[in-house]
Amino acid sequence: MVIFSFCKKKNVFLSVDLTGLVLMGGKSSRMKEEKALLVYHEKPQYHHIYDLLKKFCPEVYLSQKKNIAINLPTIFDKKEYQNIGPLAGLISAYETKKSAFLLFAIDYPLINEKDIEKLISERDSNFHATVYYNENDFFEPYLGIYEVSFYEIIKTEIEQGNYSLQQILKKNHVQKVSPINPETLKSIDNQEARLHYLNQYK
């Protein structure tokens with residue numbers, strides 16, 4: 001069952017039981033500059049994704065590994081999880097706030113309101129997660145909805161040394177969502193991809 005209300009003024013679905021989570025973690029080693037601070041939509045990318053999720057969730061948090069001085073609600077990776085990669089952001093969020101999470105990483109500048117609305121509309125909380133699935137038959141783990149029940153799953157996997165959210169999703173009961181346009185699922189994580197984006201879409 002999905003719990004949401006329709007806001008006529010904004011013409012979007014406000015999911016009252018979802019907490020937004022903007023995943024900002026990562027070393028940005030391939031980009032060679034802080035990806036969260038890159039500008040694609042007239043504001044830093046972290047703020048663009050934050051504003052998108054705020055249209056659908058009553059609360060939204062930034063998920064940070066390191067402290068970038070930002071005056072927005074933030075959940076920092078817990079020390080015990082700081083060496084397990086991006087999964088640290090999700091499990092730290094679960095252990096800070098008991099909620100289902102609408103998680104979007106900052107690496108996807110083509111994502112828009114319609115993509116978020118589609119994900120929410122196809123959500124089924126009988127599944128542990130509802131996640132975008134790309135044309136190469138892989139999940140996009142950092143574009144999805146993670147139910148409260150998913151916490152125990154990733155906690156167990158981490159204890160067993162499995163830090164791949166992709167592999168965890170493949171092993172479990174997950175709702176796959178096909179994108180409206182596969183192009184929107186393209187991650188921009190290096191300068192070549194960024195220049196291609198700027199040349200093609202700007």
Among residues of the range 145-158 being among the charged types (D, E, K, R) and in a helix (DSSP H, G or I), the residue most open to solvent (accessible area, probe 1.4 Å) is E152
Hey, can you tell me all the residues within the range 15-33 that are more than 17 Å from the chain's Cα centre (by Cα) and either at negative phi or at pLDDT 90 or above (or both)?
V16, S29, R30, M31, E33
Within the range 159-197, how many residues are open to solvent by 50 Å² or more (accessible area, probe 1.4 Å), touching a residue at least 24 places away in the same chain (Cβ under 8 Å) and of a type in the set (A, V, I, L, M, F, W, C)?
1
I'm trying to understand the selection: among the residues of the range 62-84, which are open to solvent by 40 Å² or more (accessible area, probe 1.4 Å) and touching a residue at least 40 places away in the same chain (Cβ under 8 Å)?
K65
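The values are calculated or read from the model by the stated rules, or taken from the named source; none is laboratory data. If you're wondering where the values come from, they're calculated on a predicted model, not measured in any experiment. Cβ: placed from backbone, ideal geometry, glycine included. Neighbour counts: every protein chain shown. With ligands, DNA and RNA removed, areas are computed over all heavy atoms of the protein, side chains included. Shrake-Rupley method; radii C 1.70, N 1.55, O 1.52, S 1.80 Å.
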